[in-house]
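Undergrad: This structure is in structure tokens; I'll ask about it shortly.
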Amino acid sequence: MDEHELPPVIAIDGPSGTGKGTIAQLLATELGWHLLDSGALYRIVGIAALQSGIDAADPQGLCSLARTMRVEFSTLFPGSITLDGKEISAQVRLEESGAMASRIAAIPELRAALLQRQHDFRQPPGLVADGRDMGTVVFPDALCKFFLTASPETRAQRRYKQLKDKEVNVSLPALLRDIQARDERDTTRAVSPLKPAKGALIIDTGPLAIEQVMAIVRQELVSYQDSRKESRQLFFSDKH
Ligand code: DC
């Protein structure tokens, strides 16, 4: 990479429950690249707003939080997140935090305020970015773009199983309703709506196990790498 070239990005977008968080995490680990969980940033702004009594309908207050909150994603313990020094990982993953994130994510000023923070994750040797608008808005120059989908019913089932395994009591119809409401908000908002980026590889993860999705992603990266006809290996060495 020459000194003016930005580190490469792989964008993985799609609605929640498609396995994109897991795929992004596995891929980042496999490549030894950085990981951006952009959904967590929206969730954290929502949590920070609750903690500091800022109204979710106050764009200025939310923007100021987005710029000043001190967030750390542990690289040592994936999934561990601190906000202003306090561990908040469990709270970040709550359904309520996701619903709140989806509401405030429709505010254009907040999206703009979080842009720099997201760009800051782009560090050598590369970044795997997980979200809704990674390939369309935040990193339009990403080398490879993926868009993961699955039916709302499949995604609700997956979430139901995850929560049951954690012994959290939930109702499947209520989860399905929440997912449908969130999809509706995320796909119809005026700014950066959830949609596949031009050139993104769309993968329906409904009938696939995680390892099968990973195999498709790897294959796509290898094809891209081969198409560049460079001796420098961008993603994988010859073992793949
Ligand atoms: O991926 P997630 O479930 O953690 O995301 C929570 C919400 O945040 C999601 O419903 C919409 C919003 N979001 C967004 O608008 N843009 C992103 N890049 C990531 C998430």
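Each value in this text was obtained by applying a stated rule to the coordinates, not by laboratory testing. Since this is a predicted model, take the numbers as computed values, not measurements. Ideal geometry is used to build each Cβ from the backbone, glycine not excepted, and the neighbour counts take in all protein chains shown.
Undergrad: State, as an integer percentage, the relative contact order of the chain based on alpha-carbon contacts under 8 Å between residues 6 or more apart.
TA: 30 percent
Undergrad: If you don't mind, there's one more thing I want to ask. Under the Kirkwood approximation applied to all pairs of distinct alpha-carbon atoms, what is the hydrodynamic radius of segment 184-240 in Å?
TA: About 14.0 Å for segment 184-240.
Undergrad: In addition: Would you kindly give the portion of the calculated P(r) for segment 1-98 that falls above 21 Å, as a percent of all Cα pairs?
TA: Here the long-distance tail beyond 21 Å is 42 percent of all Cα pairs in segment 1-98.
Undergrad: Between GLU167 and ALA99, how high is the FRET efficiency from 1/(1 + (r/R0)^6) when r is the Cβ-Cβ distance and R₀ = 30 Å? Nearest 0.05.
TA: Between GLU167 and ALA99 the formula returns 0.90.
Undergrad: If I model segment 35-156 as equal point scatterers sitting on the Cα atoms and use the Debye formula, what is log10 I(q)/I(0) at q = 0.16, 0.22 Å⁻¹?
TA: Relative scattering, expressed as log10 I(q)/I(0), comes to -0.81, -1.43.
Undergrad: Mind listing the phi-derived Karplus ³J(HN,Hα) values for segment 80-95, rounded to whole Hz, using 6.51, -1.76 and 1.60 with θ = phi - 60°, and x for any glycine or proline?
TA: Each residue's phi maps through the Karplus curve to give 7, 10, 10, 10, 6, x, 9, 5, 10, 3, 5, 5, 4, 8, 5, 4 Hz.
Undergrad: Quote the Stokes-Einstein diffusion coefficient, in whole µm² s⁻¹, for segment 134-200, based on the Kirkwood radius over alpha carbon pairs, a temperature of 37 °C and a viscosity of 0.692 mPa s.
TA: Calculated translational D: 239 µm²/s.
Undergrad: Specify, per residue and in Å³, the volume enclosed by the convex hull of the alpha carbon atoms belonging to segment 110-223.
TA: Each residue corresponds to 144 Å³ of Cα convex hull volume.
Undergrad: Using the alpha-carbon atoms, what tilt in degrees (0 to 90, nearest 10) does helix 108-119 show relative to the longest principal axis of the chain?
TA: The answer is roughly 40 degrees.
Undergrad: Check LEU36: other-chain or 5+ apart residues with amide H under 5 Å from its amide H, H built from backbone geometry?
TA: VAL128, ALA129, ASP130
Undergrad: So what J values fall out for segment 131-139 if you push phi through Karplus, 6.51 cos²θ - 1.76 cosθ + 1.60 with θ = phi - 60°, rounded to Hz, Gly and Pro as x?
TA: x, 10, 10, 5, x, 8, 10, 6, 10
Undergrad: Here is a further query. Charges only on Cβ, +1 for Lys and Arg, -1 for Asp and Glu: so what's the dipole of segment 156-240 about the Cα centre, in debye to the nearest 20?
TA: Dipole about the Cα centre, nearest 20: 180 debye.
Undergrad: Using the alpha carbons of segment 18-67, what is the convex hull volume per residue in cubic angstrom, as a whole number?
TA: Cα-based convex hull of segment 18-67, divided per residue, equals 89 Å³.
Undergrad: Per residue, how much space in cubic angstrom lies within the convex hull of the C-alpha atoms of segment 90-152?
TA: 131 Å³
Undergrad: What is the gain in length, in nm to one decimal, between ASP226 and THR29 on full extension, counting 0.36 nm per residue of separation less the C-alpha to C-alpha distance?
TA: Numbers: separation 197, 0.36 × 197 = 70.92 nm, distance 2.17 nm.
Full-extension gain reported as 68.7 nm.
Undergrad: Something else: Which of LYS86/LYS166; LYS20/LYS166; LYS164/LYS198; LYS20/LYS86 have a Cα-Cα distance over 30 Å?
TA: Violating the 30 Å limit, Cα to Cα: LYS164/LYS198.
Undergrad: Another question, then. Could you give each residue of segment 202-207 its phi-based ³J(HN,Hα) in whole Hz, using Karplus coefficients 6.51, -1.76, 1.60 with θ = phi - 60°, and x for Gly or Pro?
TA: 8, 10, 7, 7, x, x
Undergrad: I would also like to ask the following. For the chain, take N as its residue count and report Rg(C-alpha) divided by 2.2 N^0.38 Å.
TA: 1.01
Undergrad: Turning to a different aspect of this structure: Hey, got the dipole for segment 48-102? About the Cα centre, +1 on K and R Cβ, -1 on D and E Cβ, debye to the nearest 20?
TA: 180 debye
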